[in-house]
Structures are given as C-alpha cells and as structure tokens.
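Each value in this text was obtained by applying a stated rule to the coordinates, not by laboratory testing. Note that the coordinates shown come from a computational prediction; the quantities given were computed from them, not determined experimentally. Note that each Cβ is placed from the backbone with ideal geometry, even for glycine, and that neighbours are counted across all protein chains shown.
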Amino acid sequence: MGKRRARTGSPVTMVQHTVALGETIRSIAYSYGIPDWRSVYQHFRNADLRRRRPDPDILHPGDHVWLEQPEEPATPYPGAPVTCRTGATYTFLAPPLVPIEVRMIDRLGEPHADRRFELVAGGNTTAGTTDSEGAVRASVPLDVRSAQLRVWIHDDDPDDEPGWQVTLDLNATRAADTLEGVQSRLANLGYYLGPIDGEERQSLRDAVEQFQRDQGLSVTGEVDDKLKRALADAHPA
C-alpha cells in the first residue's frame, strides 16, 4: 500500500496518499473505507491527477491522490467469517468490481471474434462471446488475484476441451524491466504458463521465442532490452 500523509485544520481531514505499484483509484478508496471511488477521483484537489491520468485504473507509482478521510470509514470485507456481537450494527465494504480485458488474436493479427469464453474469478463464472475485436471483457472483484480464462477458439472444440485456456495473473504487474515483469506480461498475453518467480527456465525461453516471432523480432529466446520494450508496448500496465 502507498504512503499516507494527513492534513488537518478544518472539519474534514484531508489525506495525501502516495501511490504504490499496482494501486488504482478504486483500490485506494477501498483501503480507506470510502464506498464511492468517484468521490476521490473527482475531488477538486485531484484535478491535476485527472489531467495526467485520465484513466482512474492506471496510476503510476509516486502519484499523489488527495482524499477526505471518513470519520467512520466502512471496514473492507475481510473475505472470511466474521464474529459479530448481537444487537450491534456493522458496516462492511464489499470489494468493488474492476474491469479486465483480454484480446484474442491469431498469429496473423486477426481477431478471434464471436468465440465462446468462460472466465472464472473468485468462485464466479462469467460466460459470453468475444466481440468483433476478439476481446474478452468482464469485471472481477478487486481482491481477486488470479482468474482462469477458457476460450473455444475453433468451431469443433469439445465443451470440456476449449482450444485455449490460461491462468491470468491479476496481481500488480511487475516492472517491465524485471524478469518477473516479463513473465507476468507473457502469461497475461497467453504465451507463458509457468510460475511468476523471476527464474529462467526453458518454458520461459519458448514463450519469448514465440512472442518474438509474432512481433516480427529476431528470434533469440533472450530477454533483452528490445524484448522488454516490445512487451511494454503490448502490455503497458
């Protein structure tokens, strides 16, 4: 979580939050017990932030977010059974939903449009079809850390054997210039199925080579600066 700095002197306590890697306006509001993230993003003190970050789901580490600290913030739901006292009133803040999008394209860059998909996240299954751009669009709870995506790419894919399936890493994406950042981006793009641990292995090299082929790069299997730049362009956040 990012750093907090409080400023008082008025009936409202203002807090300046310094953004950490992976945080969004939604996650920051949730951590402070503020039910409506829009009240944070639209606060007049955040006008410069809105100008620099027009998408509230994409912030940069070190950004500053001003917010009004609630006198009685809602408690983020802990995700486990809670013991409550009889006769007392408790307010829990459910994790907000955040959008995710995965584009399905073939090796020629053509979208896999109108293809059936299932996304399983946090015990819930979202079913649908990809749009004309080959995109899977869905929303998942903020506190979900991974999701399983299954797409029936081919017309003759059996119901129990989709043509493409992968586990999506929904944790904060690691910096693009680290090996973990390379692994997580390749995983989310459907190239790499191994662990996100910063360790080199043959499956990572194979994924790098396939990505290089698809991007028209020299196929070396090496994690070099050219590969990292291409990955950052294909998977910015």
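Side notes on the structure shown:
- When only the Cβ of Lys, Arg, Asp and Glu is charged (+1, +1, -1, -1), the dipole of segment 113-237 relative to its Cα centre reaches about 380 debye.
- FRET efficiency for the Arg137 to Glu71 pair, using the beta carbon distance and R₀ = 35 Å, is estimated at 0.40.
- R0 of 35 Å, Cβ-Cβ distance Val15-Glu209: FRET efficiency to nearest 0.05: 0.15
- For Arg137, the shell of other residues with beta-carbons less than 12 Å away shows a net charge of -2, using +1 for Lys and Arg and -1 for Asp and Glu.
- Note on Arg103 and Arg38: the model spin-label points, each 7 Å out from Cα along the C-beta direction, lie 2.8 nm apart.
- Available extension along the chain between Leu193 and Asn124 is 22.6 nm, counting 0.36 nm per residue and deducting the alpha carbon span.
- Pairwise FRET efficiency - Gln165 versus Glu222, Cβ, R0 = 30 Å, nearest 0.05: 0.60
- Each residue of segment 176-192 is assigned a 3J(HN,Hα), and the resulting list reads 5, 8, 10, 5, 5, x, 5, 4, 5, 5, 5, 5, 5, 8, x, 9, 10 Hz, derived from the Karplus form 6.51 cos²θ - 1.76 cosθ + 1.60 (θ = phi - 60°), x at Gly and Pro.
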